[in-house]
Every structure is written in structure tokens, then in C-alpha cells.
Amino acid sequence: MGTKKILLAIKKLPVSDRILIVEKTLKNIREATLKKNLETATDALFEDYKSDGELTAFTSLDFEKFYEKSG
């Protein structure tokens, strides 16, 4: 189905359904944009994290068990 047909079909829907479509579409766009931004940031910093020990110094503690003291 092409864009024109989709838009015509949407126009025929009740307002509540049209609003739902807009909300879902915007949510999808935001999620896709966030994912793309995170992937770009990851790619940009990957080499730094791979070669700079100061950036990964605390990863040696990843498997340590930490417990909060209860008051």
C-alpha cells in the first residue's frame, strides 16, 4: 500500500483512531532515533574504550557482589 492510499485510509477513520496512529508513529520515530543515536555514540567511543584502560578500570568489578547494609 502506498503513502497516498494509507493517508486516504487514515482520513476515513474516526478521530480517536487517527490520534492513536499519530501517537504510535511518533513513539516509533522517537525510539528509532534514540536507538540510532546510541549506536552512533557507541561506534564513536568504541576504540577509546577498547584502548584506554582508565575508561574501563571499574569493569573488573562487574562480577563482584555488593550488598547494601540495611539500617
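The values are calculated or read from the model by the stated rules, or taken from the named source; none is laboratory data. Keep in mind the model is a prediction, meaning the values are calculated, not measured. Cβ sites come from the backbone with ideal geometry, for glycine too, and all protein chains shown count toward neighbours. These area figures cover heavy atoms from the full protein model, side chains too; ligands, DNA and RNA do not enter into them. Shrake-Rupley method; radii C 1.70, N 1.55, O 1.52, S 1.80 Å.
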Q. Can you list the equivalent-ellipsoid semi-axes of the chain, largest first and in whole Å, using the square root of 5 times each Cα gyration tensor eigenvalue?
A. 47, 21, 7
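Using the Cβ atoms and a cut-off under 12 Å, what net charge is assigned to the surroundings of E23, where Lys and Arg are +1 and Asp and Glu are -1?
Values: positive: R18, K24, K27, R30; negative: D17.
My count for the surroundings of E23 gives +3.
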**Q.** For the range 1-40, the fraction of alpha-carbon pairs in successive 10 Å shells from zero, as %
**A.** 27, 38, 24, 10
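Would you mind finding the longest exposed-site-free stretch of the chain, with exposed chymotrypsin sites (Phe, Trp or Tyr not before Pro) meaning DSSP loop and at most 15 other Cβ atoms within 10 Å?
Details: sites that count: F63, F66, Y67.
Counting only loop sites that pass the neighbour cut-off, the longest clear stretch is 1-62.
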Q: Counting only GluC sites (Glu not before Pro) that are in a DSSP loop and have at most 11 other C-beta atoms within 10 Å, tell me the longest site-free stretch of the chain.
A: 1-63
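Could you state the accessible area per residue of the chain in Å², with a 1.4 Å probe and every protein chain left in place?
Numbers: 7210 Å² over 71 residues.
That works out to 102 Å² per residue.
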Q: Any chance you could count the Lys pairs in the chain whose alpha carbons are under 20 Å apart, treating pairs 8 or more apart or on different chains as valid?
A: 9
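Based on DSSP H runs of at least 4 residues, each adding -39500 (n - 2.57), what is the mean residue ellipticity at 222 nm of the chain after dividing by all its residues, to the nearest 500 deg cm²/dmol? Don't jump to the answer; show the numbers that get you there.
On the way: 2 runs with 46 residues, N = 71.
Using -39500 (n - 2.57) per qualifying helix, the result is -22500 deg cm²/dmol.
How large, in percent, is the carbon and sulfur part of the accessible surface of the chain at a probe radius of 1.4 Å? Don't skip to the answer; put the middle values down first.
Numbers: 4360 of 7210 Å².
Using a 1.4 Å probe with all protein chains present, the chain comes out at 60 percent carbon and sulfur.
Are there trypsin sites (Lys or Arg not before Pro) in the range 1-47 that DSSP marks as loop and that have at most 15 other Cβ atoms within 10 Å, and which are they? Write down the numbers at each step before the final one.
Working: sites: K4, K5, K11, K12, R18, K24, K27, R30, K35, K36; in loops: K12.
Taking the range 1-47 and a limit of 15 other Cβ atoms within 10 Å, the loop trypsin sites (Lys or Arg not before Pro) found are K12.
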